[in-house]
Amino acid sequence: MQTPLLNYIPSAAQSMVTELLTDDNLTVKVKSERKTRHGDYRELPNGKHQITVNSNLNTYRFLMTLIHEIAHFTAYKKYGRAIKPHGKEWKLTFQHLMLPFLRPDIFPSELLPLLAKHFKNPKASSDTDANLSLALKQYNEVNDKTYVFEVPFGETFKLYNGRVFKQGKQRRKRFECLEVSTGKLYLFNPNAEVELLSYEE
């Protein structure tokens, strides 16, 4: 049996979320983990609209992702389909919808300053805001994941898709990492989750 949607978000936010989801043409589905996205929004062929959110997110990340996707739906209704997915109309809508949730009875007090800063100019993915992303991850269930910034220089790590990289130097914000199989250089956000590999000498 599927867990009811409201069980995934902080209790103090549930009534406000319920109000945002009163549109009969909108459905929300909770999905198993997808590595490349936290959630998505799309218009279905029958004219209805669907939001999906990953079930493995902590309550604060789940709420942010849900409001992010509701903002897509709301901006679409208000401004039409010609707008850019994460353009100024979506940003204004996301800010407007998220503001009432930025309260200490919904989010932990240590997250609120980071959220306030993020929502001055929200990005397409909160993962690109390294400080906020790392702070949110403190509320995840304990796992054996490592972050790129924790990988020692010269050590190797593996991504969820099996690709292996060697840790390089840090640029201003991101890390240069060499893909072992191709020799190509890639830039990683410091909060990217990886699996540290240890090799025998």
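Laboratory data are not the source of any read-out in this text; all were calculated from the coordinates shown. No experiment lies behind these values; they were computed from the predicted model shown. All Cβ positions, glycine included, derive from the backbone under ideal geometry; neighbour counts span all protein chains shown.
Give the distance, in whole Å, between the Cα centre of the range 99-152 and the Cα centre of the range 1-66. Rounded to whole Å, the Cα centres lie 19 Å apart. Helix 59-79 and the long axis of the chain differ in direction by around 60°, with both axes built from C-alpha atoms. Pairwise Cα separations in the range 146-197 fall into 5 Å bins from 0 onward with the following percentages, short to long: 5, 25, 39, 25, 7, 0.
Ignoring aspartates and glutamates fewer than eight residues from LYS123 along the same chain, the ones with Cα atoms less than 18 angstrom from its Cα are ASP40, GLU69, GLU89.
Compute the relative contact order of the chain as a whole-number percentage, counting only Cα pairs closer than 8 Å that sit 6 or more residues apart in sequence. Can you show the working numbers first?
Details: 268 pairs, mean separation 26.8, N = 201.
Relative contact order, the chain: 13 percent.
Place a +1 charge on the Cβ of each Lys and Arg in the chain and a -1 charge on the Cβ of each Asp and Glu, then give the dipole magnitude about the Cα centre in debye, rounded to the nearest 20.
Details: 29 positive and 22 negative charges, 189 e Å.
Computed about the Cα centre, the dipole is about 900 debye.
When its C-alpha radius of gyration is set against 2.2 N^0.38 Å (N residues), the chain gives a value of 1.13. Choose one of PRO85, ASN58, LEU97: the residue whose Cα lies farthest towards the positive end of the charge dipole of the range 1-98 (beta-carbon charges +1 Lys, Arg; -1 Asp, Glu; about the Cα centre). Comparing the listed Cα positions along the dipole, PRO85 ranks first.
Counting other Cβ atoms within 10 Å of each Cβ, which GluC sites (Glu not before Pro) in the range 61-139 have at most 14 and sit in a DSSP loop?
Details: sites: GLU69, GLU89, GLU110; in loops: GLU110.
Those that pass, being in a loop and sparsely packed, are GLU110.
Evaluated with a Cβ-only charge set (Lys, Arg +1; Asp, Glu -1), the range 90-201 carries a dipole of roughly 760 debye about its Cα centre, given to the nearest 20. Against the main long axis of the alpha-carbon atoms of the chain, helix 88-98 sits at an angle near 80°. So what's the back-of-envelope 222 nm ellipticity for the chain, counting only DSSP H runs of four-plus at -39500 (n - 2.57) apiece and dividing by all residues, rounded to 500? The helix contribution divided over the chain gives -8000 deg cm²/dmol.
Pairs with C-alpha atoms separated by more than 19 Å, drawn from the list LYS48/LYS91; LYS88/LYS120; LYS31/LYS120, are LYS48/LYS91; LYS31/LYS120.
Extension gain for SER125 to GLU155 (0.36 nm times residue separation, less C-alpha to C-alpha distance): 8.0 nm. Would you please name the chymotrypsin sites (Phe, Trp or Tyr not before Pro) within the range 139-194 that are DSSP coil residues with at most 16 other C-beta atoms within 10 Å of their C-beta? Passing both the DSSP loop test and the Cβ count: TYR139, PHE153, TYR160.
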